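Everything below concerns the one structure shown next.
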Amino acid sequence: MKHTVLSAKEIDFGYFSAEPVLRGFVLKIRKGDMLGLIGPNGAGKSTVLKLLSGYLTPTSGVVELDGEDITGIADDKRSRLLAVVG
């Protein structure tokens, strides 16, 4: 069984006081997996990438990188472990 490298657990997120963009979002990416996000404009693809990379903080839930809450990982360490192309 492959090790889960990046996970999102019950993520909720909204910008300012607007209606939430994500509710209960769950994702597991295992070593060797490839992921693509597709959808119409405004569907939340960029928001998901920003949450998974630690640039945005969820309203609730947690994003983990190698089992560690991504918001607690120093920027320099996170940049060595994770890269995003948007």
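The values are calculated or read from the model by the stated rules, or taken from the named source; none is laboratory data. All values derive from a computational prediction rather than experimental measurement. Don't worry about glycine lacking a Cβ; one is built from the backbone with ideal geometry, like all the others, and counts go over all protein chains shown. What goes into the accessible areas is simple: the full protein's heavy atoms, side chains included, and nothing from ligands, DNA or RNA. Shrake-Rupley method; radii C 1.70, N 1.55, O 1.52, S 1.80 Å.
Keeping the other protein chains in place, figure out the carbon and sulfur percent of the accessible area of the chain, with a 1.4 Å probe.
About 55 percent, which is the carbon plus sulfur part of the accessible surface.
Obtain the nm distance between the two label points defined at His3 and Val85 by a simple spin-label model: each point lies 7 Å from its Cα along the Cα-to-C-beta direction.
It is 2.5 nm.
With a 1.4 Å probe and all protein chains kept in place, how much accessible area does Val85 have, in Å² rounded to the nearest 10?
140 Å²
Quick one: if you stick a label point 7 Å off each Cα along the C-beta vector at Asp75 and Val62, how many nm between them?
2.4 nm
Let me check something: with ligands and nucleic acids excluded, how do Lys45, Lys9 order by accessible area (1.4 Å probe), largest to smallest? Mind dumping the intermediate values first?
On the way: Lys45 60, Lys9 90 Å².
Ranking Lys45, Lys9 by accessible area, largest first, yields Lys9, Lys45.
Pairs of lysines 8 or more apart, or on different chains, with alpha carbons under 22 Å: count those in region 1-83, would you?
Lysine pairs satisfying the spacing and distance rule in region 1-83 number 14.
Projected area of the chain, taken from the Cα convex hull and averaged over every viewing direction, in nm²?
The number I arrive at for the chain is 6.1 nm².
Work out how much length Ser46 to Arg30 would gain on full extension: take 0.36 nm times their residue separation and subtract the Cα-Cα distance, in nm to one decimal.
3.7 nm
Rolling a 1.4 angstrom probe over the protein heavy atoms, how many square angstrom per residue are accessible across region 21-86?
Heavy-atom SASA per residue in region 21-86 reads 68 Å².
Take each of the peptides 2-8, 36-42, 71-77, 50-56, average the number of other beta-carbon atoms within 10 Å over its residues, and list them starting from the highest.
Averaged packing, sorted descending, gives the order 50-56, 2-8, 71-77, 36-42.
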